[in-house]
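These notes are about the structure you will find just below.
Derivation of every value follows stated rules applied to the coordinates shown; laboratory data play no part. Here the structure is a predicted model, which is why all the values come from computation and not from measurement. Every residue, glycine among them, receives a Cβ derived from its backbone with ideal geometry; neighbour counts consider all protein chains shown.
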Amino acid sequence: MGAFDSLFRNLADSLITQFGGTGILRDISTSFTPATGLVVETPTDQTVSLSPPSPVELSAIDGTLVQEGDMTTLVAALGLTNVPVANETRLVFAGETWQVTIVDPIYSGDQVAAYQLGLRQ
């Protein structure tokens with residue numbers, strides 16, 4: 001890890017925290033209980049600093065991976081215990097729950113400083 005890696009990870013976290021908000025990244029694990037025949041979902045939440053979600057650029061809409069109505073946000077990587085996973089992780093922000101559809105890491109040297117997430121309701 002170079003000197004700039006730590007500097008830019010901290011800078012990304014500081015800027016996103018200062019100008020953004022707080023949300024929850026929610027991962028759902030499932031387990032099957034043979035005795036009951038039920039699938040049980042267990043959420044694991046982690047509080048994150050993020051930029052307020054904003055609409056994706058119109059030119060990015062391709063109708064498949066990026067659709068009309070999709071949003072995007074930046075999540076600071078510093079302190080994350082679980083990396084967001086496309087189509088598995090959800091983001092809860094301002095009382096709304098979004099499906100994470102795209103996870104694009106933004107690197108500072110060898111380490112991720114932030115994640116740009118694609119969101120869909």
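Within the set of other residues whose C-beta is less than 11 Å from the C-beta of D62, count the net charge using Lys and Arg as +1 and Asp and Glu as -1.
My count for the surroundings of D62 gives -2.
Rounded, prolate or oblate: which one fits the chain, using the alpha carbon gyration tensor with axes a ≥ b ≥ c (rounded when a/c is under 1.5, else prolate when a/b beats b/c, else oblate)?
Oblate, since a/c reaches 1.5 and b/c is not below a/b.
Assuming R0 = 22 Å, what is the FRET efficiency of Q121 and L80, from their Cβ-Cβ distance, to the nearest 0.05?
0.45
How high is the relative contact order of the chain, given as a whole-number percent (alpha carbon pairs under 8 Å, six or more residues apart)?
Worked out over the chain, it gives 29 percent.
Relative contact order for region 66-121: what is it in percent, counting Cα pairs under 8 Å that are at least 6 residues apart?
That works out to 42 percent.
Per residue, how much space in cubic angstrom lies within the convex hull of the C-alpha atoms of region 64-121?
88 Å³
Report, in degrees rounded to the nearest 10, the 0 to 90 angle that the Cα long axis of helix 3-19 makes with the longest principal axis of the chain.
Its long axis makes an angle of about 70 degrees.
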